[in-house]
Amino acid sequence: MIRTGWRLPFGANLIGHDRTQFRIWAPAQPTMSVAVEGAAPLPMSRSDDGWFEAEANCGAGARYRYILPDGATVPDPAARAQHGDVRGASIVVDPLSYRWRHPDWRGRPWHEAVLYEAHAGLLGGFAGVARELPRLAALGVTAVELMPVAEFPGGRNWGYDGALLFAPESSYGSPDDLRALIDAAHGHGLMMFLDVVYNHFGPEGNYLARYAPAMFRDDVATPWGPALNFRRGEVRRFFTENALYWLLEYRFDGLRFDAVHAIADAGWLDEMAAEVRKSVEPGRHVHLVLENDDNAAAHLARGFDAQWNDDGHHVLHVLLTGESEGYYEDYADRPAERLARCLKEGFIYQGEPSAYRGGKSRGTASADLPPTAFVLFLQNHDQIGNRAFGERLTQLAHPQALEAAIALLLLCPQIPLLFMGEEGASTSPFLFFTEHAAELAQAVRDGRRREFAKFSQFSDPKHLDKIPDPNATVTFERSKPVADSARAGARERLYRDLLALRRAEIVPRLAGARAVDARAISSAAVTASWRMGDNSLLTIAVNLGAEAAEISRHRGRLLFASSDAAALAAQQGRIGPYSTVAMLEPP
């Protein structure tokens with residue numbers, strides 16, 4: 001049954017049919033008022049700890065703003081919806097008005113997850129994502145992960161500039177449109193995940209510093225500005241409630257926490273995860289996934305299901321493309337050995353010094369974690385979009401090598417993640433895009449060019465002018481995934497067949513699976529084995545290079561081979577160029 005008794009401890013909460021309570025933390029202000037459209041401003045009562053509260057005769061749909069003592073108006077930082085973007089009026093929402101069509105949905109266990117990362121704006125808003133659900137379910141995807149949807153400035157943005165974290169982006173649809181998307185996904189047997197950003201607010205449309213400067217630290221900076229002050233209980237509560245809000249009020253099945261290494265007080269993460277576990281209805285599957293550049297394994301035993309395995313992506317990218325600039329320099333030497341460590345132990349960096357980080361050590365031991373504690377991917381929004389020209393692997397890698405890597409991704413016991421469009425061999429770029437006001441737009445444009453000036457392809461400064469303008473409409477339009485007319489059919493069949501194989505042969509054996517061994521067998525080839533939960537032995541050999549390599553003659557059943565030639569080579573004790581084979585030995 002759907003939980004109905006939960007409510008936010010701040011923001012606008014209906015307490016009757018036409019009665020709303022407003023509550024905001026503004027400790028830097030002596031007075032505050034709330035202005036509901038069509039009524040006179042209403043003074044709010046102040047408590048000693050800086051909380052302001054008032055009740056007004058208004059109901060769902062009412063528009064309101066808070067008024068500071070100097071007359072400035074600001075949106076509600078906990079608004080459930082906005083009218084007219086981040087600078088517009090906040091809207092009172094009745095979270096119980098939506099009638100769920102699948103109220104008995106309990107989610108799916110984590111080991112069944114096959115994640116599909118998608119940008120709602122590029123797919124046509126919440127309704128556009130809903131139209132993709134039947135196709136994704138038929139492909140074999142089990143979870144759609146939305147890039148952040150919190151209200152951001154303008155109508156074009158990756159989502160990491162969110163300013164009002166409780167309001168779904170109005171250009172994508174209404175709160176009920178988002179609920180309808182999640183409801184539809186559940187009807188197709190799909191989980192819905194949401195990417196949330198708790199390390200900074202966007203640079204435009206956030207006014208917290210004016211009335212609650214204690215939200216920020218003055219002694220710690222992030223790449224996006226002052227760090228959030230998780231030493232304050234009010235700050236911890238704000239973000240914990242946001243996580244609960246998406247899981248309980250919208251019935252998302254999981255959250256992906258963006259760049260938590262930029263949260264200065266990491267203890268809050270474990271505190272929040274514990275509260276989520278305590279608050280979610282018994283018997284319901286809810287999953288928490290980290291992005292953490294620190295490779296801190298301890299969180300994965302404290303309430304979090306998994307972490308994005310950036311190490312795995314980076315070494316696979318080096319093997320597929322030969323690139324070695326930026327963070328890829330940490331993976332350029334002995335890449336096959338590094339891939340073997342990834343498949344056996346999860347993290348590649350477990351305390352070793354990182355050349356890219358100036359010799360600073362990175363990571364903690366992870367060999368004791370199950371393979372399902374790691375989300376593996378070949379592409380995602382960062383790894384494509386943070387390239388100057390947003391190229392996908394379809395443009396960068398040998399096609400057969402890429403398909404061999406896809407087979408590894410979808411058959412190995414780590415949790416696979418796809419990025420929208422890759423299943424159709426899309427060659428359209430995924431670029432960095434925004435819609436900021438003129439001054440900020442120029443700053444973003446200039447910052448983008450400075451970011452890439454150090455790369456060799458821009459040794460001639462004139463080439464920097466070719467970098468797409470993030471604020472241009474055409475940059476957004478070019479980023480929409482388009483299936484490749486020549487390769488889409490075969491590529492989609494490959495994904496569908498591999499995911500069917502994963503569902504039939506790998507998923508039922510994943511619980512209790514542990515890596516047995518993994519080793520490099522050439523400069524571009526690796527073989528790895530896992531003792532599965534039923535005590536069978538899964539062995540995968542992958543060769544991303546142009547030369548064959550020697551492997552042990554396979555015993556047991558051949559689950560998959562990239563081609564008939566690859567299957568024959570495996571019988572002869574070789575892994576052919578650009579190929580993957582997977583074998584399963586019975587207990």
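The values are calculated or read from the model by the stated rules, or taken from the named source; none is laboratory data. In this text the structure is predicted, and so the values were computed from the model without any measurement. Cβ atoms come from the backbone with ideal geometry, glycine included; neighbour counts cover every protein chain shown. Note: accessible area is taken over every heavy atom of the protein model, side chains too, but ligands, DNA and RNA are not part of it. Shrake-Rupley method; radii C 1.70, N 1.55, O 1.52, S 1.80 Å.
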Can you tell me which condition PHE193 does not meet? The list is (1) modelled with pLDDT under 95; (2) part of a strand (DSSP E or B); (3) touching a Gly at 6+ places or on another chain (Cβ under 6 Å), and all the others hold. (1)
Could you tell me which residue of the range 302-323 is farthest from ILE348 (Cα to Cα), considering only residues that are more than 18 Å from the chain's Cα centre (by Cα) and outside any helix (DSSP H, G or I)? ARG302
For the range 140-152 the number of residues that are out of contact with any Phe, Trp or Tyr (no Cβ under 6 Å at 6 or more places or on another chain) and either part of a strand (DSSP E or B) or more than 30 Å from ALA89 (Cβ to Cβ) (or both) is 5
For ALA274, state whether it is open to solvent by 10 Å² or more (accessible area, probe 1.4 Å), at pLDDT 95 or above and in contact with a Gly (Cβ under 9 Å, 6 or more places away or on another chain). yes
Considering only the range 340-360, I want to know if a residue exists there that is modelled with pLDDT of 95 or more, β-branched (Val, Ile, Thr) and in a loop (DSSP other than H, G, I, E, B). yes
Taking the range 61-96 on its own, how many of its residues are under 30 Å from VAL141 (Cα atoms) and either open to solvent by 20 Å² or more (accessible area, probe 1.4 Å) or acidic (Asp, Glu) (or both)? 2
Hey, ASP330 hits all of (1) surrounded by fewer than 20 Cβ atoms within 10 Å (Cβ to Cβ); (2) over 30 Å from ARG502 (Cα atoms) but one; which does it fall short on? (1)
Failed item, numbered, when PHE22 is tested on (1) open to solvent by 20 Å² or more (accessible area, probe 1.4 Å); (2) at pLDDT 95 or above: (1)
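What residue, of HIS299, HIS261, is open to solvent by 40 Å² or more (accessible area, probe 1.4 Å), closer than 23 Å to TYR327 by Cβ and either aromatic (Phe, Trp, Tyr) or part of a helix (DSSP H, G or I) (or both)?
HIS261
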Do we find a residue being modelled with pLDDT of 95 or more, in contact with a helix residue (DSSP H, G or I) (Cβ under 8 Å, 6 or more places away or on another chain), over 20 Å from GLY121 (Cα atoms) and assigned to a loop (DSSP other than H, G, I, E, B) anywhere in the range 172-189? yes
Residues of the range 398-431 satisfying the condition of being within 16 Å of HIS314 (Cβ to Cβ) and touching a Ser or Thr at 6+ places or on another chain (Cβ under 6 Å): LEU408
Test GLU391 against the criterion of being over 21 Å from the mean Cα position of the chain (by Cα) and open to solvent by 40 Å² or more (accessible area, probe 1.4 Å), and give yes or no. no
For the range 287-296: of the residues being open to solvent by less than 30 Å² (accessible area, probe 1.4 Å) and part of a loop (DSSP other than H, G, I, E, B), which is farthest from GLN379 (Cα to Cα)? ALA296
Residue check: is ARG87 at pLDDT 95 or above and farther than 18 Å from ASN242 by Cα? no
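Looking at the range 224-237, can you tell me whether even one residue there is out of contact with any Phe, Trp or Tyr (no Cβ under 6 Å at 6 or more places or on another chain), modelled with pLDDT under 95 and open to solvent by 10 Å² or more (accessible area, probe 1.4 Å)?
Checking the range 224-237: at least one residue is out of contact with any Phe, Trp or Tyr (no Cβ under 6 Å at 6 or more places or on another chain), modelled with pLDDT under 95 and open to solvent by 10 Å² or more (accessible area, probe 1.4 Å).
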What residue, among those in the range 197-223 that are farther than 13 Å from PHE152 by Cα and aliphatic (A, V, I, L, M), is surrounded by the fewest Cβ atoms within 10 Å (Cβ to Cβ)? ALA221
Options ALA437, ALA397, ALA404: the member that is within 20 Å of LEU339 (Cβ to Cβ), open to solvent by 10 Å² or more (accessible area, probe 1.4 Å) and either over 22 Å from the mean Cα position of the chain (by Cα) or modelled with pLDDT under 95 (or both): ALA397
Only listed residue being assigned to a loop (DSSP other than H, G, I, E, B), in contact (Cβ under 8 Å) with a residue 24 or more places away in the chain and at positive phi, chosen from ARG251, ARG284: ARG251
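For residues that are closer than 21 Å to GLY88 by Cβ and under 39 Å from the mean Cα position of the chain (by Cα), scanning just the range 31-46, find the one that is surrounded by the fewest Cβ atoms within 10 Å (Cβ to Cβ).
Per the stated criteria, the residue is GLU37.
For every residue, the table says whether it meets (1) more than 26 Å from the chain's Cα centre (by Cα); (2) in contact (Cβ under 8 Å) with a residue 24 or more places away in the chain; (3) closer than 27 Å to GLY88 by Cβ; (4) not in a loop (DSSP other than H, G, I, E, B).
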| site | (1), (2), (3), (4) |
| --- | --- |
| HIS200 | no, yes, yes, no |
| GLY205 | no, yes, yes, no |
| ALA209 | yes, no, yes, yes |
| VAL220 | no, yes, no, yes |
| PRO226 | no, no, yes, yes |
| ARG231 | no, yes, no, no |
| ARG237 | no, yes, yes, yes |
Just one of (1) within 27 Å of ARG450 (Cα to Cα); (2) in contact (Cβ under 8 Å) with a residue 60 or more places away in the chain; (3) open to solvent by 30 Å² or more (accessible area, probe 1.4 Å); (4) not hydrophobic (A, V, I, L, M, F, W, C) trips up PRO370, so point out which. (1)
